[in-house]
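Undergrad: One structure is given below, represented as structure tokens, and several questions about it will come after.
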Amino acid sequence: MSSGIRVGQAGLGEWGKNLARNFADLADLAWLTDPADGKEQVFAARYPQARWASSFEEMLADPDLQAVVIATPVPTHYELAKQALEAGKHVFVEKPPAMKAAEIDELVAIAEERDLVLMPGHLLLYHPGVQKLKELIDSGSLGEVLMVYGNRQNLGVIRKHENALWSLGVHDLSVILYLLDEDPSEAVAHGQSLLKTGVEDVVFCYLRFPSGRIAHMHLSWLDPHKMRKMTVVGSEKMAVFDDMELDRKVTIYEKSPWKPVNTYGEWQTRTGDIHIPKIATDEPLKLECQEFLRLVAGEGDRSKTARDGARVVRALDMLTASLDGS
Ligand SMILES: NC(=O)c1ccc[n+]([C@@H]2O[C@H](COP(=O)([O-])OP(=O)(O)OC[C@H]3O[C@@H](n4cnc5c(N)ncnc54)[C@H](O)[C@@H]3O)[C@@H](O)[C@H]2O)c1
């Protein structure tokens, strides 16, 4: 059902078209804009209720427009989000919302000052499988979380401009920081440009947190395995979210280190049942768009959403700085 919230969208490329489909269902999709040839013809016909803006500024000038969706290339995000917030609009901006820690801090400050929503498009946080991992961690059922690691590997798609950290890593980084709810004290990346100078095809990241927990990400498009996996190792149980699986997205292993009293402090291991909980099949993108509209409508914690988004950009900035220097 439509929320009736008036939304305008900039960027109708490969990903933006999916956002427009959802916002047309869930909200009043009132404006569209994209300067590329042929976009107006296709999208004005698909969404006749929406007006076509010849520029981003024209769309922002509508005083009745409440919210803006930005699905343009990454280097444009910060400027467009800033313009929209300064025009008093709530903003949904595709990931990552900015390329530098200083930029995201500025966006968060503007959003907080004006009590506006600033929500980054971290799609995986709305995946019911990731929600399940979060529930397992927060309920304490895994025991104390010791480490988390992500695998995002495949053969292809080989990128020419963005390296594996920026094109693949943002997803896993957003999930790791969401699960642990902590800023890393250390974030180091090593990578190698094997096919094109200056574009790392393989990146390994290591993060350490003030609590002592650690995380790791293996990001690559030069790999025989297609992996989309996040593993959480707890002191009582271990859980895996595997997005390549159809009907066992999350598996919980009753495996853990164990110190029996009669062995004088030696560690042993314990292996028990393997449990596969049912995971809802709701479309994460729809859930993500609904969450944005809920925040615009005044529900939820809009300030936390913006600050959590900033945490991802800050960590990405740390990893990028170390990768450049490695
Ligand atoms: N959440 C996800 O899973 C996911 C998946 C893919 C892409 N993305 C993100 O979505 C964004 C777009 O990716 P894409 O694959 O659709 O790229 P794309 O290149 O296919 O589309 C970008 C579009 O933005 C338009 N554009 C450029 N500047 C503009 C401006 N100032 N105003 C309006 N339109 C403008 C371009 O003409 C193009 O049509 C990127 O930030 C990417 O990181 C997210």
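The values are calculated or read from the model by the stated rules, or taken from the named source; none is laboratory data. Keep in mind it's a predicted model, so treat the numbers as computed, not measured. Glycine gets a Cβ as well: all are built from the backbone with ideal geometry, and neighbour counts include every protein chain shown. Only protein heavy atoms, including side chains, enter the accessible area calculation; ligands, DNA and RNA are left aside. Shrake-Rupley method; radii C 1.70, N 1.55, O 1.52, S 1.80 Å.
Undergrad: Exactly which trypsin sites (Lys or Arg not before Pro) in region 79-147 are in a DSSP loop and have at most 16 other Cβ atoms within 10 Å?
TA: Sites meeting the loop and neighbour criteria: Lys100, Arg114.
Undergrad: What percentage of the solvent-accessible surface of the chain, computed with a 1.4 Å probe over protein heavy atoms, is contributed by carbon and sulfur atoms?
TA: Its accessible area is 52 percent carbon and sulfur atoms.
Undergrad: Below 11 angstrom from the Cβ of Ala71, what's the summed charge of the other residues (Lys, Arg +1; Asp, Glu -1)?
TA: Every neighbour counted, the sum reads -1.
Undergrad: In region 211-276, which chymotrypsin sites (Phe, Trp or Tyr not before Pro) fall in coil by DSSP and have 15 or fewer other Cβ atoms within 10 Å?
TA: Listed in order of number, the matching sites are Tyr264, Trp267.
Undergrad: If you don't mind, there's one more thing I want to ask. Between 0 and 90 degrees, rounded to the nearest ten: what's the tilt of helix 284-296 against the longest Cα principal axis of the chain?
TA: 60 degrees
Undergrad: Which value, in debye to the nearest 20, describes the size of the charge dipole of the chain about its Cα centre when Lys and Arg Cβ atoms bear +1, Asp and Glu Cβ atoms bear -1, and nothing else is charged?
TA: Values: 36 positive and 48 negative charges, 164 e Å.
Here the chain has a charge dipole of around 780 debye.
Undergrad: Shape verdict for region 180-304, please, from the Cα gyration tensor: rounded (a/c under 1.5), prolate (a/b greater than b/c) or oblate.
TA: Because a/c hits 1.5 or more and a/b fails to exceed b/c, region 180-304 counts as oblate.
Undergrad: Would you mind classifying region 113-258 by shape? Square roots of the alpha carbon gyration tensor eigenvalues, ordered a ≥ b ≥ c; an a/c under 1.5 is rounded, otherwise it is prolate if a/b is larger than b/c and oblate if not. Mind dumping the intermediate values first?
TA: Details: a/c = 1.61, a/b = 1.35, b/c = 1.19.
Prolate.
Undergrad: Now, a different point. From the residues Leu179, Gln41, Phe92, which one has its Cα farthest along the dipole of region 36-194 in the positive direction, the dipole being from +1 and -1 charges on Cβ of Lys/Arg and Asp/Glu about the Cα centre?
TA: Farthest towards the positive end: Gln41.
Undergrad: Moving to a separate point now. Calculate how steeply helix 170-180 sits against the longest principal axis of the alpha-carbon atoms of the chain, using the helix alpha-carbon long axis, and give the answer as 0 to 90 degrees to the nearest 10.
TA: 60 degrees
Undergrad: In region 75-228, what percentage of the DSSP-assigned beta bridges are antiparallel, given to the nearest 5?
TA: 60 percent
Undergrad: Another question, then. So how much accessible area does Phe204 have, in Å² to the nearest 10, using a 1.4 Å probe?
TA: 90 Å²
Undergrad: Please say if region 63-176 is rounded, prolate or oblate, where rounded means a/c under 1.5 for a ≥ b ≥ c the square roots of the C-alpha gyration tensor eigenvalues, and otherwise the choice is prolate for a/b larger than b/c and oblate otherwise?
TA: Oblate.
Undergrad: Next up: Which entries in Lys39/Lys82; Lys95/Lys286; Lys82/Lys132 show an alpha-carbon gap greater than 27 Å?
TA: Result: Lys82/Lys132 exceed 27 Å.
Undergrad: Please state the relative contact order of region 31-101 as a whole percent: Cα pairs under 8 Å, 6+ residues apart?
TA: It rounds to 27 percent for region 31-101.
Undergrad: Contact order normalised by length for the chain, with contacts defined as Cα pairs under 8 Å and 6 or more residues apart; what percent is it?
TA: Computed over the chain, the figure is 18 percent.
Undergrad: Let me ask something else about it. Please give the net charge around Lys196, taking every other residue with its beta carbon less than 14 angstrom from that of Lys196, where Lys and Arg add +1 and Asp and Glu add -1.
TA: For residues surrounding Lys196, the net value is -1.
Undergrad: For the chain, how big is the tail of P(r) above 35 Å, as a whole percent of Cα pairs?
TA: 26 percent
Undergrad: Relative contact order for region 167-326: what is it in percent, counting Cα pairs under 8 Å that are at least 6 residues apart?
TA: 21 percent
Undergrad: Kindly express, to the nearest 10 degrees and within the range 0 to 90, the angle between helix 101-113's C-alpha long axis and the longest C-alpha principal axis of the chain.
TA: The two axes meet at around 60 degrees.
Undergrad: Could you let me know the centre-to-centre spacing of region 129-164 and region 282-326, using Cα atoms, in angstrom?
TA: Measuring centre to centre over Cα atoms gives 15 Å.
Undergrad: Then there's this: Averaged over all directions, how much area does the convex hull of the C-alpha atoms of region 1-75 cover when projected, in nm²?
TA: 4.8 nm²
Undergrad: Sticking with this one: For the chain, set up a Gaussian network in which alpha carbons nearer than 10 Å are linked by springs, and say which option among Gln66, Gln268, Gln49 fluctuates the most.
TA: Among Gln66, Gln268, Gln49, the largest GNM mean-square fluctuation belongs to Gln268.
Undergrad: In region 1-70, what GluC sites (Glu not before Pro) fall in a loop by DSSP, with at most 12 other Cβ atoms inside 10 Å?
TA: On the way: sites: Glu14, Glu40, Glu57, Glu58; in loops: Glu14.
Passing both the DSSP loop test and the Cβ count: Glu14.
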